[in-house]
Structures are given as C-alpha cells and as structure tokens.
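Undergrad: Have a look at the structure that comes next, please.
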Amino acid sequence: MTLLSIVIPAYNELATAEKLLRRVAEAELPAGMDREIVVVDDGSTDGTRDLLRRLEQKADPPFRYIEHEENQGKGAALRTGFAQTRGDVVLVQDADLEYDPTDYMVLLQPIVDDLADVVYGSRFLGGPHRVLFFWHYLGNRALTTLSNMFTDLNLSDMETCYKVFRGDLLRSMKLRSNRFGIEPELTAKIAKMEVRIYEVPISYHGRTYAEGKKIGWKDGVSAIWAILRYNLLP
C-alpha cells in the first residue's frame, strides 16, 4: 500500500475549511493508495482554529492537526506539515476552494507510473478556470519566467499550490521560507537535483479579495527576492 500525505496549511479559512476537508477525504486516489491528512492552522483569528479542533474529534478518515500560536506564513505552515508526514508521496493542498481535490488522480498518475519524482499542477495548460484578474495572471507568468531563467526549467506555473513530491525527496530538503517564498524556494531546490519533473493541467476556481483571496503585490516582490536568493546564493 502506498501512503499519500496531504498537507493543508490553513489561515482564516472559516468559510471553506470544512467543505475542503470533506472533499479531500472523498477524493478518488489511484488503486493501492491510502491517505493521511495533515492540517496546520497558522494562527487563524476568524474561528478557523475552533472549527478545526471540533472537526478533528469526529473526522473520518481522521486528520492530524497542528497549530501555530501566531501567524508565520504559508511556508512556515508547510514546513511544519512536511515534518509530520510519513507518506511515500506528499501533496500540497490549500485550505480554500481554489484548487479542487478531484484533480488528485491526474496529479498523482505520473508518479504512480514511475515517470516523475515531482509533479506540478498548472493552471495554464488548458484546464477549466474561473476568469478573474489579468494583472495576477501576468504577474504569475512573469514570476514563472524569471524562475525558469535561473532554474533552466520550462514550467508554465511555478506559483501553483498543487505540487506533489516523492516523500523521501521532499523530506531531504532544508527549507527556509516562511511565507509565499516557499514556492520559488521549492522550485529552485528541485531544479538542482537530478529528479524528473512533470506538469499536468488542473482546474482553478480563483477567488476575489472579497471572497478571501490574500496574496498581493508585496508577495510578488517577495517572490522575486526568493527567486534570486535561492538560485544565486548558497
């Protein structure tokens, strides 16, 4: 039996966390694969923490729940979650509903078929997606292009949430980023390894800021610094 670890960082996602966890628990997996779910609350203040505590008591299948006392950022939450994984394969899942767990089958298939060690789910390879912000789209493409220039990869979506890794590979990395710099850091570090990387198309259901979207232009500036730091500095 192959074990899939699904790591879910959560910060102020009261409106979506319960539905997301239900979808994760019900998502179809390849034959012979079981799941463990690791949820990290990153200092939520909107009631998400109390909700997750209640859900932990009755979840089926159960999930492992960890709390950060204060908000530290997505990267810090992922690093905490990664350290708790036991899976042969590790998948990152945001706690909002922008990324759909029904895509797990397509994300996992290249690893199941022993074609890949790392899989990125790309929002820009033709999957269905909600039409939203042009400047966000342009910013994502610019950051991916800049990252590709340093890593010599031809990714179409470096900033995607959906990243899947062989567990031993991921747990061998020494990650440092606390916030959204975790995406370019992961990409820079796998680019320096002799690993097989695949991209697959995924659906994307983006949110407006009124609906809870959190990333902004300052995160884009931080991402540029992270690309430079993790590709150029030791």
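Read the figures in this text as sums done on the coordinates, not as results from a lab. Since this is a predicted model, take the numbers as computed values, not measurements. In this analysis, Cβ positions are derived from the backbone assuming ideal geometry, glycine residues included, and neighbour counts consider all displayed protein chains.
Undergrad: Expressed as a fraction of 2.2 N^0.38 Å, the rule-of-thumb size for a compact globular protein of N residues, what is the C-alpha radius of gyration of the chain?
TA: Working it through for the chain, the quotient is 0.95.
Undergrad: What is the fewest-to-most order of Tyr230, Tyr198 by other Cβ atoms lying within 10 Å of their Cβ?
TA: Tyr198, Tyr230
Undergrad: Here is a further query. Holding the Cα-Cα limit at 25 Å, pick out from Lys19/Lys218; Lys163/Lys189; Lys19/Lys174; Lys19/Lys163; Lys192/Lys218; Lys74/Lys163 the pairs that are longer than that.
TA: Values: Lys19/Lys218 29 Å; Lys163/Lys189 13 Å; Lys19/Lys174 32 Å; Lys19/Lys163 21 Å; Lys192/Lys218 27 Å; Lys74/Lys163 14 Å.
Result: Lys19/Lys218; Lys19/Lys174; Lys192/Lys218 exceed 25 Å.
Undergrad: Further, regarding this structure: Between exposed GluC sites (Glu not before Pro) in the chain, where DSSP calls loop and at most 12 other Cβ atoms lie within 10 Å, what's the longest gap?
TA: 71-193
Undergrad: Further question: Can you give me the P(r) profile for the stretch 1-82? Cα pairs, bins 10 angstrom wide beginning at 0, each as a whole percent.
TA: 19, 51, 25, 5
Undergrad: Counting pairs of alpha carbon atoms under 8 Å apart in space and at least six apart in sequence, what relative contact order in percent does the chain give?
TA: About 24 percent, as a whole number.
Undergrad: Hey, another quick one. When the chain is fully extended, how far beyond the present Cα-Cα distance does Glu194 get from Val221, taking 0.36 nm per residue of separation?
TA: Extra length available between Glu194 and Val221 comes to 6.8 nm.
Undergrad: Who wins for biggest fluctuation among Met149, Met33, Met193 in a Gaussian network model of the chain, springs between alpha carbons below 10 Å?
TA: Met193
Undergrad: Nearest 500 deg cm²/dmol is fine: what mean residue ellipticity at 222 nm does the chain get from its DSSP H runs of n ≥ 4 alone, each adding -39,500 (n - 2.57), divided by its residue count?
TA: Taking each H run of at least 4 residues, the total per residue is -11500 deg cm²/dmol.
Undergrad: While we're here: Out of the DSSP beta bridges found with both residues in the chain, what percent are antiparallel (nearest 5)?
TA: 20
Undergrad: Rank Ser156, Ser172, Ser44 by mean-square fluctuation in a GNM of the chain with C-alpha springs under 10 angstrom and give only the top-ranked residue.
TA: Fluctuation is largest for Ser172.
Undergrad: Take the stretch 65-162, compute every pairwise Cα distance, and split them into 10 Å bins from 0; I just need the percent in each bin.
TA: 12, 38, 38, 12, 0
Undergrad: Which parts of the stretch 1-31 would a label at Asp50 reach, counting a residue when its backbone N lies under 16 Å from a point 7 Å out along Cα-to-Cβ?
TA: Residues passing the 16 Å test: 12-18.
Undergrad: Can you compute the modelled spin-label distance between Arg22 and Glu70, with each label point 7 Å from Cα toward Cβ, in nm?
TA: Each label point lies 7 Å from its Cα, and together they span 3.6 nm.
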